[in-house]
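Written out below as structure tokens is the structure these notes cover.
Every number here is computed from the coordinates shown, using simple stated rules; none is lab data. Quantities reported herein were computed from a predicted structural model and do not represent experimental measurements. So basically every Cβ, Gly included, is an ideal-geometry build from the backbone, and we count neighbours across all protein chains shown.
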């Protein structure tokens, strides 16, 4: 199943914890990039949709490619975000338009690896530890509704914590 917004719950939860050391945009790009393989598989009518890219090892090249492209692709989105939050008098929500390479790489790896983790619970055709093991011990570990509930909770709590931290850390006029 291609990327769903539920995958972003983990990203927003990580943003709440790591703050400026984590890029939600890079994380999201990595999530979408991970589902190119299943999308192509669906278009071709393949029996197995989650192949080599849906392993922890296979996710690394996708993370590296995302880390190379993310700064270039995300900068216009961040500029627009910053323009909008400033326009609506919420400059305390502005984000840096440039990230350290380490932040981009770790965010991309977090995106691809959490994607493999979440999809391992949802899809029987995933072998997350290939080529070392063909087992998927996480398949149906929790129900789909429980997994989606956890992701939505991560999304809501992560967003609330991030906004709260930004609100509490904002600079007062004249400081």
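Compared with the dominant Cα axis of the chain, that is its longest principal axis, helix 8-18 is turned about 50°. Each Cα pair under 8 Å and six or more residues apart adds its separation to the average, and for the range 5-168 the resulting relative contact order is 37 percent. Working note: 222 nm ellipticity from helices only, DSSP H runs with n ≥ 4, each -39,500 (n - 2.57), summed and divided by the residues of the chain, gives -20500 deg cm²/dmol to the nearest 500. In terms of the mean number of neighbouring beta-carbon atoms within 10 Å, the peptides 132-138, 120-126, 7-13 order highest first as 7-13, 120-126, 132-138.
In plain terms, the bigger the Kirkwood radius, the slower the diffusion; for the chain, with that radius from Cα pairs, at 37 °C and 0.692 mPa s, Stokes-Einstein puts D at 191 µm²/s.
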